[in-house]
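Read-outs throughout are calculated quantities, based only on the coordinates presented, and are distinct from any laboratory measurement. The model shown is predicted, which means the values in this text are computed figures rather than measured ones. Using ideal geometry, Cβ is built from the backbone for each residue, glycine included, and neighbour counts are taken over all protein chains shown.
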Amino acid sequence: MDDAVRTAMIKWPDVPACYGWLSLDRRGQWRLQGEPVRHGGLETFLQRNYSHDEMGNWFVQNGPQKVFVELDYAPWVLRLANESSLVTHTGLAVQNLERALLDEEGNLLLLCEHGPALLDDRDLPALLACMENADGHPASDDDLLTQMATGFGSLFLRWQQQRIPLESLLRREAAEEFSFIPLPSP
């Protein structure tokens, strides 16, 4: 968090929070009143001051004011930085994946050291190619479709030096499973 933001928080401790203005879409794009943020300085500010509270609300600290973020899916969006590394939508490097979950729509959620993250759908084909069955053979399209449709399968994500079991999750259960609030309210 910026030093200027910390100073403002001390100077004006009772500024009301802001709801319904800022959102994060499924590709990690900030949106202000539904419109994409295209100003580089504002985007950098949002990324640098993005945080969460103990209840699972995500917000951007704007001086003394918390601007709560509506999440299209998860608090983090991951992208491939290159063929063997991931970064968050805010530019943080991902060092460790703890869990991999496939929902019924084919979305891939990854739990990393930063928290629960949705993989940007543009990078989904690359990570689906890293899926394998219990015998270590590449997962077929049928294997993936079966897991999505039934929630059952014995698939794994092979990523760097890890072999992570692929779990199933219903999209509507993601927020509860990972303790975040997608639509904060006063």
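With bins 5 Å wide beginning at 0, the percent of Cα pairs of the stretch 37-111 falling in each bin runs 3, 13, 20, 23, 21, 13, 6, 1, 0. Whole-Hz Karplus values for the stretch 127-138 come out as 7, 4, 5, 8, 7, 9, 8, 4, 7, x, 8, x Hz, taken residue by residue from phi with 6.51 cos²θ - 1.76 cosθ + 1.60 and θ = phi - 60°; glycine and proline positions read x. Scalar couplings 3J(HN,Hα) for the stretch 163-172, obtained by applying the Karplus form with A = 6.51, B = -1.76, C = 1.60 to θ = phi - 60°, are 10, 9, x, 8, 9, 10, 8, 7, 3, 5 Hz; x denotes Gly and Pro. Taking Cα atoms, how many degrees apart are the long axis of helix 141-150 and the longest axis of the chain, rounded to 10 and kept between 0 and 90? Once rounded, the angle reads 60 degrees. The Rg/Rh ratio for the stretch 13-53, using Cα coordinates for both the radius of gyration and the Kirkwood hydrodynamic radius, is 0.98.
Geometric descriptor of the stretch 106-186, per residue, is 108 Å³ (volume of the convex hull of the Cα atoms). Taking a ≥ b ≥ c as the square roots of the eigenvalues of the alpha carbon gyration tensor, the chain is prolate, as a/c is not under 1.5 and a/b beats b/c. Under 5 Å from the amide H of L22 lie the amide H atoms of Q33, E70, each residue being 5 or more positions distant or on a separate chain, with H modelled from the backbone and absent for Pro and chain starts. Here the chain is treated with +1 on each Lys and Arg Cβ and -1 on each Asp and Glu Cβ, and its dipole about the Cα centre works out to around 700 debye.
With both labels modelled 7 Å from their Cα along Cα-to-Cβ, the L32 to T146 distance reads 5.0 nm.
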